[in-house]
Amino acid sequence: MTGLPAMDVAARVDRLRGSLDEAGCAALLVTHLTNIRYLTGFTGSAAMLLVRAGALTFVTDGRYEEQAAGQLTAAGVDAEVVIGRSAELQRQSVSRLAAGIARLGLEAEHVTWAEQRRYADDWFPGATLVPSTGLVEGLRLVKDAGEVARIEAACAIADGALATVAPMLDDGPTEAAFALELDTEMRRQGADDLSFETIVAAGPNGSRPHHSPSDRRIGRGDLVVIDFGALVDGYHSDMTRTLAVGGPGALDETQTRMVDVVRASQAAGVAAVRAGASTRDVDAACREVITEAGWGEAFVHGTGHGVGLDIHEEPRVSWAADATLEAGHVVTVEPGVYLPGHGGVRIEDTVVVTESGCRTLTRAPKS
């Protein structure tokens, strides 16, 4: 998508270098592709990045020779690009470049046991391998203006797509047919891809939070839970709306109360978001409203999660988490109530945290 502000990708590696000493390593081998994209702008499916104090080496295979050079140059990343036309040649290159490094960090959450054994025995036999956790992910927590702009563009596409296809619900489509129309419309409006498999859960299917669209026809009086997102330049959006087919007058008393309670819960959660707030407290703000309504046991998941290059990333917004929000974090607020036999209601916004509160990026109506 054109017109988006530039991101300062080149500065990210220096910020990463600043955390290596505290992590107890002299260099870091980055193998998680999402983290490599964050640090270099590279979007291919095979790469390694060796981060040392005074050098940066990017290793990939022959398929990506031109792409890697072009994307790293466009991002302003000063790195040696090494093309290994076989896995063995790549191993030799990385082993040679890492020679003399006494303590080499690996991304512990992204390296399998088998890979760790190969690194220890074959790749870096002279080094002490240090299991590092969250070094790059910690940098990714606070989004810069360019990142927020991409997430906001993805949110705007999702808003527009829902507005375009929502009238279809009155025609009685199947859940699967409506999901397909929504997915297609997001692409028509400029999405590079979908953030995840779209959820359309109508009537009794709505009591299953991650229901897959089926051949059930949507009818008058159904509550329809629609959870979906668009992808723009690698960045995700995430939004849920629950729509009433036939309007509010078509709902029974329990369904109407479900919508009112979840809407109030979600508003309370959004109001609790601000720099310095605990994610546990945001969850509690949502949960208190639903518990007071007598449906605490029907709110079966956490309140939200971070959004960025991954659709689910830190910080987690949950009773089981206790992160502190900072300005520039992008998180969801998505309480729900799920009652077998009645269906479900979930309302979700993606918001960017500010010093005084938050700014909502998903703007589709909740009425």
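The values are calculated or read from the model by the stated rules, or taken from the named source; none is laboratory data. Predicted, not measured: the structure shown is a model, and the values here were computed from it. Note that each Cβ is placed from the backbone with ideal geometry, even for glycine, and that neighbours are counted across all protein chains shown. When the accessible area is computed, the model is the full protein with side chains, heavy atoms only, and any ligands, DNA or RNA have been set aside. Shrake-Rupley method; radii C 1.70, N 1.55, O 1.52, S 1.80 Å.
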Of the residues Ala46, Val82, Ala11, the Cα lying farthest along the dipole of the range 1-115 towards its positive end, which is defined by charges on the beta carbon of Lys, Arg, Asp and Glu, belongs to Val82
5 angstrom amide H check on Val82, placed H, neighbours 5+ away:
Phe58, Val59, Thr60
Over the chain, with every protein chain in place, what whole percent of the accessible area is carbon and sulfur at 1.4 Å, could you tell me?
51
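Mind ranking Leu180, Leu39 by accessible surface for me, highest first, 1.4 Å probe?
Ranked list, largest accessible area first: Leu180, Leu39.
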Cα gyration tensor category, rounded, prolate or oblate, for the range 164-316 with a/c compared to 1.5
oblate
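Hey, if we sort Tyr64, Tyr38 by accessible area with the 1.4 Å probe, largest down, what's the order?
Tyr64, Tyr38
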Please state the shape class of the range 217-302: rounded when a/c is under 1.5, otherwise prolate if a/b exceeds b/c and oblate if not, all from the C-alpha gyration tensor.
oblate
Roll a 1.4 Å probe over the protein chains and send me the accessible area per residue for the chain in Å².
42
When every protein chain stays in place and a 1.4 Å probe is rolled, Asp238, Asp121 sorted by accessible area with the largest first are Asp121, Asp238
Cα lying deepest toward the dipole's positive end in the range 237-367, options Ala284, Val333, Ser318, charges on Cβ:
Val333
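Taking every DSSP beta bridge that has both residues in the chain, what percent is antiparallel when rounded to the nearest 5? Write out the running numbers ahead of the final one.
Working: 38 of 50 bridges.
So the antiparallel bridges in the chain amount to around 75 percent.
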Can you find, among Ala154, Gly126, Leu180, the residue sitting farthest towards the positive end of the charge dipole of the range 117-189, where Lys and Arg contribute +1 and Asp and Glu -1 at Cβ?
Gly126
Which ³J(HN,Hα) values, rounded to whole Hz and listed in residue order, are derived for the range 143-152 from phi using the Karplus coefficients 6.51, -1.76 and 1.60 in 6.51 cos²θ - 1.76 cosθ + 1.60 with θ = phi - 60°, glycine and proline given as x?
8, 7, 4, x, 5, 4, 4, 5, 5, 5
